[in-house]
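To keep things clear, I will list the structure first and then write my remarks on it.
What follows draws every value from the coordinates through simple rules; no lab data is involved. Computed from a prediction, not measured in an experiment: that's the story for all the values here. Here the Cβ is made from the backbone with ideal geometry for all residues, glycine too, and neighbour counts use every protein chain on show.
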Amino acid sequence: MLKVFLAEDEVIIRQGIKNTISWEKEGLEFVGDAGDGELAYPLILKTQPDILITDIRMPFMDGLELSRLVRQKLPSIKILILSGYNDFEYARQAIEIGVTDYLLKPISSSQLLEAVKKVAGIILEEQEQKKLLEQYQSDMEESLNLERVKLFGELVDRTVTIAEAVERGENLGLDFSAACYMVVVFSTFYTGDNHAYAEKRVRTDEEIRNFINREPGILLFERPVDGWFLVLKGEDQKEIEDLLERFRAAVEEAAAKETGIKYFGGIGETVMRLGDLRNSYAKASKAFAGRFFIDQNQMVTWNQVNGRSGTGGEQNLQIVDFSVNNKKLVEEFLKTGSEGEAEGFVDEYFEMVGGQNYNSLLLRQYVAMDIYFSVVQFLRGLGKEGAKLPETFGDANKITQVVAGVDTTKQYISQILKLAVSMRDTVSLDKYSEVIEGARKYIKENFSDDDISLNKVASQVGISPSYFSTIFRQECGQTFIDYLTKLRIEKACELLMCTSYRATEIADMAGYKDSHYFSYIFKKTMGCSPKKYRERRGGGMADES
């Protein structure tokens with residue numbers, strides 16, 4: 001029910017408006033009145049009306065001044081000005097303020113009610129459009145995530161100007177304004193059966209995401225493989241550190257609720273400029289690569305991973321016994337690492353094995369050979385036989401030519417790891433073709449269920465939502481929500497042209513519980529309302545839009 005407030009200094013008129021109109025019967029709530037603007041202003045802020053009716057000429061504070069103040073605090077409020085003066089200057093000022101209507105006295109109750117109901121209709125239409133837009137934006141979150149990730153990548157690659165990044169960020173719901181920034185690379189993990197993996201991880205990630213959504217100081221970007229890039233922002237270093245600790249606590253709490261769930265976070269350095277986000281990201285990525293060398297359920301800086309005191313606090317790290325088996329670390333990276341983490345992994349591998357020991361040419365040859373054969377064995381396990389390695393980097397007998405120095409050795413190992421991960425991802429996509437086909441079949445059979453979602457389908461096929469989104473898009477050439485919407489609208493078009501069902505019934509059969517939202521999506525997709533579309537079949541029957 002919309003709320004109405006009245007400011008009028010003439011008692012008879014005020015009482016007449018208040019008492020002669022059956023407000024509740026008209027679907028309105030009369031929440032208060034006052035005899036001048038000064039008395040009205042605090043009451044308006046308290047009652048938060050949707051519609052303000054105010055006289056222009058009042059003692060202490062007139063209607064125009066009151067309207068200016070109210071519009072600053074309640075920008076969506078609709079204001080009706082009552083005036084006994086047919087003066088252009090008053091009307092001009094009212095228009096500048098954003099007054100909805102300017103009514104001349106004397107005015108009857110029926111005339112005023114008509115004006116109020118007209119304004120109420122505008123408000124309800126705006127509220128409906130806002131609701132539809134919010135639902136649409138929620139449904140399009142997957143596409144928005146892609147745009148956000150693209151923007152984040154351009155920021156860390158420095159291929160976008162700060163002005164452009166800020167403007168695009170606003171359009172994507174990202175507020176970059178702050179005095180300093182910190183990047184955190186974060187992911188949860190699970191080592192159980194696939195179906196439980198999806199369910200448990202979805203629940204954990206959802207709880208963490210809900211915390212992030214409540215924190216305006218954290219901006220979230222989906223990692224293409226798995227997990228998130230987070231940008232923490234604040235007015236000083238302490239504010240960011242406090243925010244990081246709150247995030248750490250929220251993660252610990254969420255992970256503790258599900259057995260088998262683990263997490264890891266790499267913390268970047270704090271930078272004072274948005275343009276320096278790249279520096280923080282580089283350190284965070286290197287720290288995140290440390291998950292192969294130290295126990296999970298930690299959030300650490302790159303300095304901490306290397307055993308040096310850093311800016312992330314005095315947390316005691318639990319270091320994995322590196323002497324157990326170096327090959328296991330390489331195998332784990334080949335299974336779960338990304339191309340972007342290869343260099344950080346190699347740096348840490350060198351550090352953990354012995355640091356200065358790599359000044360020995362013999363040791364560098366041994367390590368390079370060892371990793372080379374680990375990669376070949378891994379690729380053979382994928383059915384690739386390691387054929388591309390000799391073509392690209394030379395066969396094992398020529399490794400001595402590329403390990404002349406520590407840096408060239410690191411570069412060589414990073415390159416073969418990147419190639420192996422790239423080939424792994426290609427094989428993975430091929431492997432998941434059947435999975436995606438199963439997902440498409442499930443969607444086609446269940447698209448009319450209004451609760452079908454990316455998370456639900458991902459859980460059905462036993463893949464994390466973020467990875468499912470990536471492989472679905474690559475396999476199908478469109479996002480999940482675009483695919484789902486296409487199926488639903490195609491079904492709606494068929495029903496509109498071939499049946500006599502009403503639009504509300506068709507909306508339900510197409511998977512839209514809200515018929516207004518169905519019409520909104522239909523018009524966005526087809527360029528016309530369902531009613532107009534049905535009329536194309538020639539002399540069609542009447543139907544609601």
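Tell me the net charge near L39. Cut-off is 11 Å between Cβ atoms, L39 excluded, with +1 for each Lys or Arg and -1 for each Asp or Glu.
-4
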- Message: Let me make sure I get this right: for segment 458-502, a, b and c are the square roots of the gyration tensor eigenvalues over alpha carbons, sorted descending. Under 1.5 in a/c it's rounded, otherwise prolate if a/b > b/c, else oblate. Which is it?
- Response: prolate
- Note on the structure: Under 5 Å from the placed amide H of C180, counting only residues 5+ away or on other chains, we find G234
- Segment F211-D449, extension gain: residue separation times 0.36 nm, minus the distance between their alpha carbons: 82.8 nm
- In segment 141-319, how does Rg compare with the Kirkwood Rh, expressed as the Rg/Rh ratio over alpha carbon atoms? 0.95
- Query: Fully extended, how many nm does the chain gain between E245 and D175 (0.36 nm per residue separation, minus their Cα-Cα distance)?
  - Reply: 23.1 nm
- Query: What is the mean projected area of the alpha carbon convex hull for segment 99-192, to one decimal in square nanometres?
  - Reply: 12.2 nm²
- Message: Let me check I've understood the local charge: for G337, count other residues with C-beta under 12 angstrom from its C-beta, Lys and Arg +1, Asp and Glu -1. What total comes out?
- Response: -4
- Relative contact order of segment 141-319: what whole-number percent is it, with Cα pairs under 8 angstrom and at least 6 residues apart? 26 percent
- Under-5 Å amide H pairs with K3, H placed in peptide plane, nonlocal only: E29, D50, I51
- Message: Please report the antiparallel percentage of DSSP beta bridges with both residues in the chain, rounded to the nearest 5.
- Response: 50 percent
- Task: Evaluate the relative contact order of the chain (contact order divided by residue number), counting alpha-carbon pairs under 8 angstrom at least 6 apart; express in whole percent.
- Result: 10 percent
- Task: Return P(r) of the chain (all Cα-Cα pairs; 10 Å bins starting at 0; whole %; ordered from short to long distances).
- Result: 3, 14, 18, 19, 17, 13, 8, 5, 3, 1, 0
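Find the Rg to Rh ratio for segment 1-151, where Rh is the Kirkwood radius over alpha-carbon pairs and Rg uses the same atoms. Walk me through the numbers before you get to the answer.
Numbers: Rg = 18.1 Å, Rh = 16.6 Å.
That ratio equals 1.09.
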- Applying the Karplus parametrisation 6.51 cos²θ - 1.76 cosθ + 1.60 with θ = phi - 60° to the phi angles of segment 47-60, what ³J(HN,Hα) value in whole Hz is obtained for each residue in order, glycine and proline being reported as x? 8, 6, x, 8, 10, 10, 9, 9, 6, 7, 8, 9, x, 6
- Query: Efficiency by 1/(1 + (r/R0)^6): what FRET value for Y136 and Q111, r their Cβ-Cβ distance, R0 = 35 Å, to the nearest 0.05?
  - Reply: 0.40
- For K431, counting only lysines whose alpha-carbon sits under 19 Å away and dropping same-chain residues fewer than eight positions off, the answer is K335, K384, K441
- Using every Cα-Cα pair within segment 433-535, state what percent have a distance larger than 20 Å. 40 percent
- Projected onto the charge dipole of the chain (unit charges on the beta-carbon of Lys, Arg, Asp and Glu, signs +1, +1, -1, -1), the Cα from I413, F211, G511 with the largest positive-side position is that of I413
- Note on the structure: With -39,500 (n - 2.57) per DSSP H segment of 4 or more residues and division by the full residue count of the chain, the 222 nm estimate, nearest 500 deg cm²/dmol, is -18500 deg cm²/dmol
- Task: Run the quick spin-label model on E494 and T159: label points 7 Å from Cα toward the beta carbon, then report their separation in nm to one decimal.
- Result: 4.1 nm
- Is there a pair in K73/K238; K18/K118; K486/K532; K238/K283; K46/K233 whose C-alpha atoms are over 21 Å apart, and which pairs would that be? K73/K238; K46/K233
- Note on the structure: At R0 = 51 Å the Cβ-Cβ FRET efficiency linking T408 and K257, nearest 0.05, sits at 0.60
- Task: Please compute the net charge surrounding N171, taking Lys and Arg as +1 and Asp and Glu as -1 over other residues with Cβ under 15 Å from its Cβ.
- Result: -4
